[in-house]
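Report on the following structure.
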Amino acid sequence: MKAIRWILLLVVLLAAALAAFWTLRSRGPVRLTTGYQAVLLSNGSVYYGKLEALGSSYPVLRDVFYVPVGVDPNTKQTSSVLIPRGKEWHGPDYMILNARYILLVEPVTRGSRVAERIAKAPK
């Protein structure tokens, strides 16, 4: 009698796990509805760009911008400027991200300060 309860419980748990797996799998790829997205990585870095293949193991971020925070040693004031990637020595034109390290993705909405600065950035 006790063994039958354990088997029944195991079957129910297995059925629930399979149902959850198929439900999550059947949702399909994530659709991004804005031109640019903010991507927060687990190391605290935030990049802005056009995210492709979200939901895959290695999404790609193109047309990438970031905001380094600088501190003026004299005034102790912080400054932040939106900088396009690609000016580095190796001249990257995109980033391949490991999806494990993406904490969140948010839309960059039209009219936001980031969207305005991206629009004004030299191409």
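Odds and ends about this structure:
- In the set (1) closer than 15 Å to Tyr66 by Cα; (2) of a type outside the set (Asp, Glu); (3) out of contact with any Gly (no Cβ under 6 Å at 6 or more places or on another chain); (4) at pLDDT below 90, the condition left unmet by Gln77 is number (1).
- The stretch 13-44, residues that are surrounded by 11 or more Cβ atoms within 10 Å (Cβ to Cβ) and at pLDDT 80 or above: Leu32, Thr34, Gly35, Tyr36, Gln37, Ala38, Val39, Leu40, Leu41
- Positions within the stretch 80-123 being aromatic (Phe, Trp, Tyr) and either surrounded by 13 or more Cβ atoms within 10 Å (Cβ to Cβ) or more than 12 Å from the chain's Cα centre (by Cα) (or both), in sequence order: Trp89, Tyr94
- Here the strands (runs of 3 or more DSSP E) wholly within the stretch 14-110 that include at least 1 residues being free of Cβ contacts under 8 Å to residues at least 12 places away in the same chain and not polar (S, T, N, Q) are 46-52, 69-71.
- Among the criteria (1) within 30 Å of Gly111 (Cα to Cα); (2) surrounded by 10 or more Cβ atoms within 10 Å (Cβ to Cβ); (3) modelled with pLDDT under 75, the one Pro59 does not fulfil is (3).
- Some residue of the stretch 29-52 being touching a Gly at 6+ places or on another chain (Cβ under 9 Å) and among the polar types (S, T, N, Q): yes
- Scanning the stretch 45-56 for residues that are in contact with a helix residue (DSSP H, G or I) (Cβ under 9 Å, 6 or more places away or on another chain) and exposed (fewer than 14 other Cβ atoms within 10 Å of the Cβ) yields Gly55, Ser56.
- Subset of the stretch 111-123 (residues that are basic (Lys, Arg) and outside any loop (DSSP other than H, G, I, E, B)): Arg113, Arg117, Lys120
The values are calculated or read from the model by the stated rules, or taken from the named source; none is laboratory data. Owing to the predicted nature of the structure, the values given are computational and were not obtained by experimental measurement. Cβ: placed from backbone, ideal geometry, glycine included. Neighbour counts: every protein chain shown.
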